[in-house]
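Below is one structure, written out as structure tokens, with a few remarks after it.
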Amino acid sequence: MEIYTGNRMLCVVNLDGEIYAMDNSCPHWGGPLGRGVVENGKLRCPWHQWEFDPRTGATPRNPGVIVPTYKVKFEGDDVYVELGPCTPREARTAHAPERRCLAVSSQVSETDSAND
């Protein structure tokens, strides 16, 4: 699943009932990871089939390549993804304390997967 927030597109993955968030752009050629398929615990990019571990962002193709991942938290029906320190532009619209940016979505359920 893809979620756009601020100036970032995120990929949200359901892996065995646990929700993970990572950058949506594959470091190989920029493919949309949120449109990929989850199989055997790995998210596969739809463009060139590179696989990534949604928990760590690592790929077996190249140990030096890691997709940034983000902490996910649930509050009621909302899903919060901690993006890290805000840019000045993001800080003006952030709904989070301590000038941390959070992506908020009520679109993700425990049955969603990366390609839903």
Full-stretch length increase - Glu82, Trp29 - with 0.36 nm per residue and alpha-carbon distance subtracted:
16.6 nm
Label point distance in nm, Val37-Arg61, each placed 7 Å from Cα along Cα→Cβ
1.6
P(r) histogram, all alpha-carbon pairs of region 1-69 included - 10 Å bins from 0, percent:
24, 61, 15, 0
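No lab work stands behind these numbers, since they all come straight from the coordinates. This is a predicted model, so every value here is computed, not measured. Don't worry about glycine lacking a Cβ; one is built from the backbone with ideal geometry, like all the others, and counts go over all protein chains shown.
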